[in-house]
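Please read the structure below before turning to the comments.
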């Protein structure tokens, strides 16, 4: 048998060609026999490991892109159903108070929400609840022979099942249940693989919850900042109550957030928002008890006015004075975390400061209006007094001139303007004393003679004026008005003299 085929078949003899054909037939038969042989145990183990690695890798990739618990659960159930070829699978997530947060099941290859009543029964009576409470995995080779499964056997009366708690650190987040229709269908490798899936699921859910918590904290902090900016402007109590209602629902997940303020008569009254944010009257009635208790005791008060409702009320204290209370109405069982309580404390202090500012602004506005009314009243009195004095001065038979400290005419009566100056009062008032002298000189030449005065600070003079129609003589007396050191105003009297005195 030639070990290698010749380079040129045309040079071979018939015997050599026949030998080559036989060799090819033998090799072909060996290849056929090799492919017909079932895979070895090593090959099967390798394929199984590749399948498991593929499942875990797929979950790791999908968990990296998902931050929503519902999406994470859906990806997990789809991957487990496809890679492990199971008849059914379900995941139930629980909260801190063991309440069911999410229940999802695979039925006929479709991922869909589990009936809430069925989920509650699974947790309370079924094997999934046992795994949640004890934190241990359970593998049943034949569910028909195990009484633990028979307590909840409506859906799967036969086959095998694995139930694994989903944990992260010391917290149990939920439970994963995988079912196959035939008994003894799960191996120890399947249990290890599913525990790895549950571990990855726990890490992903914990990260999603942590991110949701951080997002909630950020939203709460932004809400507090927005409220602080909102309160920098002047607001009415109704606007403040509307803002509190919105933030209480959006940030703290409450059904209502109500504001109660005390009036001047030391009575507590609700301040209700208007429009679409107006709360139900029954809600206000339920919150009133806790609000009054917190206001009277100056402490946080918690009441349960209804089985499904809890009211938490916090006093509004500003500079040691309780001015009202802030009440949150939320569903029973939803306890606040330490972070939320801390934020509520800051939130309440900001509300108290805002309410105190509103009360202060209200009092200031009231006092300003009272002051405006008083000023208006005094002004009218002054105007009436001035008008009365004007009427009296205008009827005197002598000229009166009021000057300021700069010797500018502040007021002049009708006699001075018409008889002495010969002009209308509007043409005299506002001019300097020198300009008024010039106005008088236009009627004739003036001669001024100073006279002695008996009063300190007073001045007396005799003014002689020669006009076309004769002479006239006027006695001028100036008296300072104001303090002795500096005269703020001066008043002059001009009296006509029939003869020179």
For this session: Could you please tell me which pairs satisfy a Cβ distance under 8 Å, a separation of 6+ or placement on different chains, a first residue in the range 259-276 that is not assigned by TED's automatic domain parsing to the domain that holds residue 349, and a second residue that is part of a loop (DSSP other than H, G, I, E, B)?
Result: none
Seminar exercise, completed: Going through (1) surrounded by 17 or more Cβ atoms within 10 Å (Cβ to Cβ); (2) at pLDDT below 85 one by one, residue 417 fails only at (2)
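Residues checked against (1) part of a helix (DSSP H, G or I); (2) free of Cβ contacts under 8 Å to residues at least 40 places away in the same chain:
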residue: 286; (1), (2): yes, no
residue: 295; (1), (2): yes, yes
residue: 302; (1), (2): no, yes
residue: 310; (1), (2): no, yes
For this session: Within the range 372-383, identify whether any single residue is surrounded by 11 or more Cβ atoms within 10 Å (Cβ to Cβ) and not assigned by TED's automatic domain parsing to the domain that holds residue 262, and answer yes or no.
Result: no
Seminar exercise, completed: Of (1) surrounded by fewer than 21 Cβ atoms within 10 Å (Cβ to Cβ); (2) within 22 Å of residue 78 (Cβ to Cβ), residue 212 satisfies every one except (2)
For this session: List every residue pair whose Cβ atoms lie under 8 Å apart, where the two residues are 6 or more positions apart in sequence or sit on different chains, the first residue falls within the range 453-464 and is surrounded by fewer than 15 Cβ atoms within 10 Å (Cβ to Cβ), and the second residue, located anywhere, is in a loop (DSSP other than H, G, I, E, B).
Result: 457/484
Exercise. Quick one: residue 353 ticks every box in (1) more than 15 Å from residue 237 (Cα to Cα); (2) assigned to a helix (DSSP H, G or I) bar one, so which box is it?
Worked result: (1)
Problem set entry | Lone qualifier among 144, 139 - being touching a helix residue (DSSP H, G or I) at 6+ places or on another chain (Cβ under 9 Å), surrounded by fewer than 19 Cβ atoms within 10 Å (Cβ to Cβ), assigned to a helix (DSSP H, G or I) and in the same structural domain as residue 69 (by TED's automatic domain parsing) | 144
For this session: Scan (1) under 30 Å from residue 344 (Cα atoms); (2) in the same structural domain as residue 57 (by TED's automatic domain parsing); (3) in a helix (DSSP H, G or I) for the single condition residue 219 breaks and write down its number.
Result: (2)
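The values are calculated or read from the model by the stated rules, or taken from the named source; none is laboratory data. Nothing here was measured: the structure is a model prediction, and the numbers come from that model. Every residue, glycine among them, receives a Cβ derived from its backbone with ideal geometry; neighbour counts consider all protein chains shown.
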